[in-house]
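These notes are about the structure you will find just below.
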Amino acid sequence: MAVGLIATLKVQEGQNAAFEEAFLALAEQVRANEPGNLLYALHRSTTDAQTYKVMEQYVDAAAVDAHRQAPHFAAALQQVGSLLAGPPEVEQLEVVS
């Protein structure tokens with residue numbers, strides 16, 4: 001069964017450009033190297049420029065695990081993590097359609 005994730009990320013003031021650059025590089029790696037990933041898209045809030053949402057979809061739970069264990073994800077997590085104002089909030093969803 002497909003799995004969806006929505007991650008809410010709060011970025012430190014003045015770090016938006018660096019965050020977006022690092023995240024977009026990660027997104028390219030995810031799309032190129034994770035066949036179980038169906039969607040990996042970054043969105044910026046229109047009401048709070050420091051808030052981003054990542055919408056993700058995977059073919060199954062094993063693909064989510066593979067994403068979390070991927071070397072490119074671990075490397076990007078350190079870089080992106082240093083630009084965040086706090087820990088990400090991640091909600092896991094069951095895909096209905």
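Each value in this text was obtained by applying a stated rule to the coordinates, not by laboratory testing. Every value quoted in this text rests on a predicted model; they were computed, and no experiment measured them. When we count neighbours, we look across all protein chains shown, and the Cβ atoms used for this are built from the backbone with ideal geometry, even at glycine.
Each of Leu5, Leu26 was scored by other Cβ atoms within 10 Å of its Cβ. Arranged with the fewest first, they read Leu5, Leu26. Footprinting exposure proxy ranking of Val11, Val95, fewest other C-beta atoms within 10 angstrom first, gives Val95, Val11.
Projected onto its three principal axes, the C-alpha set of the chain covers 39, 28, 19 Å, listed from the longest axis down. Based on DSSP H segments of at least four residues, each scored -39500 (n - 2.57), the chain has a per-residue ellipticity at 222 nm of -12500 deg cm²/dmol. Based on C-alpha pairs under 8 angstrom that are at least 6 apart in sequence, the chain has a relative contact order of 48 percent.
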